[in-house]
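Below you'll find the structure, written out as structure tokens, and then a few comments.
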Amino acid sequence: MNVLKLEDFTTQEINEILDLAEEFKNGKKVDYQGKKIIANLFFEPSTRTHYSFDTAALRLGCRTQNFDAGNSSLKKGETLYDTVKTFEMFGVDALVIRHTENEYYKQLVNNIHIPILNAGDGTGNHPSQSLLDLLTIRQEFGKFQGLKAVIVGDIRHSRVAHTNFKIMQRLGMTVYTSGPLEYKEEGYNYVEFDDIIDKVDVVMLLRVQHERHEEEMKETKQQYHQQFGLSSSRVKGMKDQAIIMHPAPFNRNVEIADDVVECNKSRIFKQVQNGVYIRMALLHMVLGENV
């Protein structure tokens with residue numbers, strides 16, 4: 001069983017994953033007693049996703065291998081497929097892979113015979129991030145149906161935005177996007193940030209992904225913050241029970257003010273914590289054993 005994109009799962013299956021993650025949060029114990037090895041193959045930088053998968057595996061009693069792309073045979077011309085196939089032949093039990101190429105997994109799934117968990121593909125999908133976002137929202141509101149969210153920032157280059165927009169809609173949420181027009185995604189319900197902020201239950205901010213841009217951002221960091229950043233004054237205009245989210249890493253005083261990162265509406269570090277429980281649930285699900 002692979003975890004490649006959330007479109008592959010029914011809404012019932014998604015809720016079952018959230019339920020299992022909640023069980024882990026509440027103390028469910030699983031111990032693979034070192035009999036399973038999880039290989040984390042990250043072909044682009046990551047902190048939260050990489051090391052929460054690593055932490056999740058360790059909490060399940062698995063052993064881990066953490067691939068160092070910068071000191072690997074990629075430098076000698078080895079392909080993605082050959083790298084991944086090598087780890088399969090080492091005898092690892094599951095692969096967590098992040099890659100810059102959209103849908104990189106299509107070249108792997110028919111020839112790799114152990115589970116692949118997609119930890120992010122280019123600007124396409126980020127299933128485990130969306131699941132931890134959903135868990136955070138469900139913990140807060142107890143439901144999805146009828147909630148409203150706005151995702152603000154670099155929509156066009158964000159796999160988080162693309163995955164969340166689709167799954168939130170499937171679960172009954174109304175989702176808007178906002179941010180610089182140069183990063184607008186057609187068909188993604190664009191609105192002006194200040195016109196919607198007082199009407200939504202979830203304000204989700206995104207980092208500007210400079211590493212994926214062909215041209216420099218038009219706005220300075222200060223201009224971006226003034227136009228699209230979540231300042232303390234904008235927070236005051238949010239609904240009383242509304243929450244602030246961000247997949248991180250975040251740029252303080254660009255998309256989010258320094259004094260807002262840990263304000264009483266922020267759930268940003270709770271998202272980080274929930275990431276471990278979601279990834280425990282996904283690993284346990286693909287390993288498919290009762291222990």
When the Cα centres of the stretch 76-129 and the stretch 131-155 are compared, how far apart do they sit, in Å? 28
For q = 0.10, 0.14, 0.16 Å⁻¹, Debye-computed log10 I/I(0) when each Cα of the chain counts as one equal scatterer: -0.54, -1.03, -1.29
Normalised radius of gyration for the stretch 127-268, please: alpha carbon Rg relative to 2.2 N^0.38 Å, two decimal places. 0.96
In whole percent, what relative contact order does the stretch 139-283 give with Cα contacts below 8 Å and a gap of six or more residues? 22
Loop trypsin sites (Lys or Arg not before Pro), the stretch 70-161, which have at most 14 other Cβ atoms in a 10 Å radius of their Cβ (DSSP): 143
Answer with one residue from 273, 261, 250: the one whose Cα lies farthest towards the positive end of the charge dipole of the stretch 239-291, charges on Cβ with Lys, Arg +1 and Asp, Glu -1. 273
Which shape class, rounded, prolate or oblate, goes with the stretch 26-93 when its Cα gyration tensor gives a ≥ b ≥ c as root eigenvalues, a/c under 1.5 marks rounded, and past that a/b bigger than b/c marks prolate? oblate
If I fit a long axis through the Cα atoms of helix 11-25 and take the longest principal axis of the Cα atoms of the chain, what angle between them do I get, 0 to 90°, rounded to 10? 80
Where a Cα-Cα gap under 21 Å defines reach, which lysines qualify for residue 106, not counting those fewer than 8 residues away within the same chain? 5, 85, 166
Defining a contact as two alpha carbons under 8 Å apart and six or more residues distant in sequence, what relative contact order in percent does the chain show? 21
May I ask you to derive the relative contact order of the stretch 110-168, considering only C-alpha pairs under 8 Å and at least 6 residues apart, and to give it as an integer percent? 43
Computed, not fitted: 222 nm per-residue ellipticity of the chain from DSSP H runs ≥ 4 (each -39500 (n - 2.57)), nearest 500, equal to -10500 deg cm²/dmol
Percentage of interatomic Cα-Cα distances in the stretch 89-194 larger than 16 Å: 63
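The numbers here are math on the coordinates, done by the rules we state, and not lab data. Nothing here was measured: the structure is a model prediction, and the numbers come from that model. Cβ coordinates were reconstructed from backbone atoms using ideal geometry, including for glycine residues, and neighbour counts include every protein chain displayed.
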